[in-house]
Amino acid sequence: MVHPMSKLPVPSKLRPPQVNVKRPLAVDEGKDEGAPQPKRSKSEVVAKPTVTVRTNGVKKPTASKPQKPKVVSGPRAVSQVNRAAGGSTRQAAAKPAAAKPAKQIVARNPAPARSTARPRPTNTSTAKPGVTSATNGPKKTSKRPAWDLKGRLADIESQLEVRNVANSQLLQEVTAKRGDNDVLEHSNKQQQAALERADSKILQLERQVRDAEDELASTTRRLQRDNSDLLQTNHQMERQLVDTRGDLAASRQECSGLKQSVAQMTAAQAGITAQLANTKLNYEQSQEAGRRYQAEIAELKAVIAEHQATIADQDSQIRDNETTRRKLHNTIQELKGNIRVFCRVRPLLPDEASSGDEIGHINFAGTDNKSIELTNVDLNESNVGTRSSSSKKFDFAFDRVFDPSSTQAEVFEEISQLVQSALDGYNVCVFAYGQTGSGKTFTMEGPDNVEEQTEGMIPRAVRQIFQTAGQLREKGWEYTMEASFLEIYNETVRDLLGAGDKKCEIKMADAKGTDVEVTNSTTVTVTSEGQVQSLLGRATHNRAVAATNCNERSSRSHSVFRLKLNGSNALTGESSQGTLNLVDLAGSERLSQSGSTGDRLRETKNINRSLSNLGNVIMALANKEHHIPYRNSKLTHLLQNSLGGNSKTLMFVNVSPREENFQESICSLRFATKVNQCNIGTAQKKVK
Ligand SMILES: Nc1ncnc2c1ncn2[C@@H]1O[C@H](COP(=O)(O)OP(=O)(O)OP(=O)(O)O)[C@@H](O)[C@H]1O
C-alpha cells in the first residue's frame, strides 16, 4: 500500500528551489501514438510521478516508496527541534535534515527511541541553556550501582525533562506540519485539477485514438479493397498479357505469311508490270486499229444506209410480190378447180385386224397417188371370200388418194393452200364425207385421245392461220377472227358454243344475199390458237352423239366450224374477207344397211336427204342451173355462200377398209366422183 504521504508533494519549505514534477503522460509522450497503449488506471498514473529534488544542481530522486520510520536521535534530532523553533541555528542545521523529513515524523515514535535516544553530546553553542543540559544530559557515567537510588532518580528526572522539552518541540512541529499540510492540500487540489485535465486530455486522446483506429480500419479496408481490385486487375492484365502474347504469336505467323504473300505478289507484280507494258503496247495498237475501224464504220454506215434504202425498196417489192403471189396462188387454185376431192382410206382398227380382216379389195394403183381400185368379192357360195376372174373392178381417180398409212400431217399439207386462200379473202369449204366409221371425225378433228401427230385438219388449219397472220403482220396485214361452231341435227341448227337451248334460224345477212347469218348462235372473237382449241373442246362436248349398230361413236349430225377472217393492210390500203368452213358430215348410210328404226330411222333419212341435196346443189352449180336448191336442206342453206360462186371447195371422201363395207365404199366413191367432175365456176376474191 502506498503511503499517503508519498503522494503528497514535498512542502515548499522542505523542497529545494527547483522541483520538477513529471507529468504522468510524459512517459508516453516519446512513444508512438499509433501503437495501442494499455489503459492505465488513475492510481497508476498518479503513482508514476517521480519527484526530483535538486540540491545544488544534483538531481536526487525522491523515492515514492514509503520510507521506513527511522529513529532520529542525537544532534540530528536536536537540529530538527531547532528548525521547528525557527531559530538561527536551525537554518544552519536544517540543510542536512531537510533531505530526510520523514525521519522527523518517525521521531514521534517513542518506542525505538529507547535504544537510540540516548543523549549524545551536542554542540553547546546552539543549544538553549535549559535544554542544553537536558539535551546534553548527564554525562554518561558508569552504571550507577543499584543502591544509588538518588542518582538513578536524578537520571530519570533528567531524562523526563528532556522528554518534555522534546514533546513541546514536537507539538510546535505538528503545528508547522499542519501549515505544510494545508499547502500540500492546496497543491493536491492543483494536482487533482491537473489530473482531471490530464484525464480529459487522455479521453480526448483516446477519442482521437479511436477515431484514428476507425480511420485506420477504414483505410485498411479501403486499402484491402484497393488491393483486391489491384489483384483482380493484375489477373486481368495477366490474362490480357497471355492473350496478347497469343495474338502476338498469331500476328507474327500472319506477318510471316504476309511477307511470303508480299514476296509472291512482288513477283506477280513484276509479271503484271510486264503484262501491262505489253497491254499498253496492244492498247496503242488497238487505238490505231480503232481509228481505222472508225473510218471503216463510217464507210459501213454509208453502206448500211444504202442497204436500208434498198431494203425499203425490197419491202415494197415484197408487198407487191405478196399481192402477186396471192393472185398467182389463186390462179393455180382456180386452174386446179374450185371443187377438189381427196380420197382417204383409214387403216384397219386393232379389233378389225385381229378378227382376220384384210384390205385385199382395195388397190392404190399407180404412182401418182390419185387412183384407187376396188375389186368386188365373188359372193358365189362355192368361192366365198375368194377373188375370181369374174370379180369386178371399180377404178376411181381424185385430186389425191391417201392410203391407210398416210399421216395427218401429209393430208394437211395438201389442204394448207386452201387455208392460205381463206386468209387471202376467199370462202373456203372443206367437207368430210363418208359412211359411218370411215374416219371423217378422225380426219377433221383427230381421235379422242388426240396427240400432236394425230391432230386433225381443224386444229392444224387454225394453227396455220395464226402463224400466217403473224407473218403477214410484218407486211402490213392485220386480221380479226371470229369463230362459231354449229350442228345440224335432224334438220335443226344448234349452237355448239352456247347452251344450245335456243332455236337458231339461218338468214341472209344483207339484202344482196352475199352472206348468211344464224340467229341465237355464238360468235367468239379469237386472238390465239389456244383460245380456238378451247372452243373446239367445248363444241365436241356439246355435240350430239348417238350410238348406232354401225359405229360405236357414231355422229348423227353435221358439224360446221366456221372462222371468219377479216384482214386489212394499212401500208397498201388493201382489205379482205374470207371464211373457212370445216365440215364434218354425218355418216352416209343406206337405209337398208343401217338397220335403224324409229327415231334413228328418221335421223338416217334426214342425214341422207341433206347429203343428197348437197350433191344436187353441186350438180346444179356444175350445170349452171338457174335455180340452185340451197334451201332444200339446212346444210346447203348454211353453206350457201361457201359453195359455188367465189368459193373454193374441198371434199374428203373417207373410205372404210373393211371388205364388208364394199358397197358403201363404192357409193361414197361414186358420189365423190360426181362432185369431182363438177366445175362450179371461178372463185372470186372478196376484196374491198
Ligand atoms: N386414219 C386413221 N388412222 C387411225 N385410225 C383411224 C383413222 N381414221 C379413223 N380411225 C379410227 O376409226 C374409228 C372411226 O373413225 P371416225 O369416228 O372418225 O369415223 P366417222 O366417219 O367420223 O364416223 P361417224 O360418221 O359415225 O362419226 C375411230 O376409232 C377412229 O379413231
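Screening A409 against (1) open to solvent by 30 Å² or more (accessible area, probe 1.4 Å); (2) within 9 Å of the ligand (Cβ to nearest atom) leaves a single unmet condition, (2).
Quick one: is V401 over 23 Å from Q640 (Cα atoms), open to solvent by less than 10 Å² (accessible area, probe 1.4 Å), of a type in the set (V, I, T) and within 16 Å of the ligand (Cβ to nearest atom)? Talk me through it step by step, then tell me what you get.
On the way: over 23 Å from Q640 (Cα atoms): yes; open to solvent by less than 10 Å² (accessible area, probe 1.4 Å): yes; of a type in the set (V, I, T): yes; within 16 Å of the ligand (Cβ to nearest atom): yes.
Considered against the rule, which asks whether it is over 23 Å from Q640 (Cα atoms), open to solvent by less than 10 Å² (accessible area, probe 1.4 Å), of a type in the set (V, I, T) and within 16 Å of the ligand (Cβ to nearest atom), V401 comes out as yes.
Cβ separations smaller than 8 Å between residues 6+ apart or across chains give the following pairs from the stretch 641-669 residues that are farther than 19 Å from Q417 by Cα to residues that are acidic (D, E) and not in a helix (DSSP H, G or I): N641/D515; P657/D357; R658/D357; E659/D357; E659/E358; E664/E589. Of the residues making up the stretch 472-479, one or more are over 22 Å from L585 (Cβ atoms), assigned by TED's automatic domain parsing to the domain that holds S576 and in a helix (DSSP H, G or I).
Among the listed residues R292, R319, which satisfies the condition of being in contact (Cβ under 8 Å) with a residue 12 or more places away in the chain and assigned to a helix (DSSP H, G or I)? Talk me through it step by step, then tell me what you get.
Values: R292 fails: in contact (Cβ under 8 Å) with a residue 12 or more places away in the chain.
Sole residue among the options that is in contact (Cβ under 8 Å) with a residue 12 or more places away in the chain and assigned to a helix (DSSP H, G or I): R319.
Which of the residues that make up the stretch 478-497 are basic (K, R) and in contact with a helix residue (DSSP H, G or I) (Cβ under 7 Å, 6 or more places away or on another chain)?
Going residue by residue through the stretch 478-497, those that are basic (K, R) are 494.
None; the set is empty.
Residues in the stretch 480-500 that are open to solvent by 30 Å² or more (accessible area, probe 1.4 Å) and part of a strand (DSSP E or B): 5 in all. So is S187 assigned to a helix (DSSP H, G or I), of a type in the set (S, T, Y) and surrounded by fewer than 12 Cβ atoms within 10 Å (Cβ to Cβ) or not? Criteria not met by S187. Being within 30 Å of D399 (Cα to Cα) and not polar (S, T, N, Q) is a condition met by at least one residue of the stretch 317-324. Among the residues of the stretch 413-425, is any surrounded by 21 or more Cβ atoms within 10 Å (Cβ to Cβ), among the β-branched types (V, I, T) and away from the ligand (no atom under 16 Å from the Cβ)? Scanning the stretch 413-425, I find at least one residue that is surrounded by 21 or more Cβ atoms within 10 Å (Cβ to Cβ), among the β-branched types (V, I, T) and away from the ligand (no atom under 16 Å from the Cβ), so the answer is yes.
The values are calculated or read from the model by the stated rules, or taken from the named source; none is laboratory data. Keep in mind it's a predicted model, so treat the numbers as computed, not measured. All Cβ positions, glycine included, derive from the backbone under ideal geometry; neighbour counts span all protein chains shown. Each accessible area value is taken on the protein alone, full model and side chains, heavy atoms only, with ligands, DNA and RNA left out. Shrake-Rupley method; radii C 1.70, N 1.55, O 1.52, S 1.80 Å.
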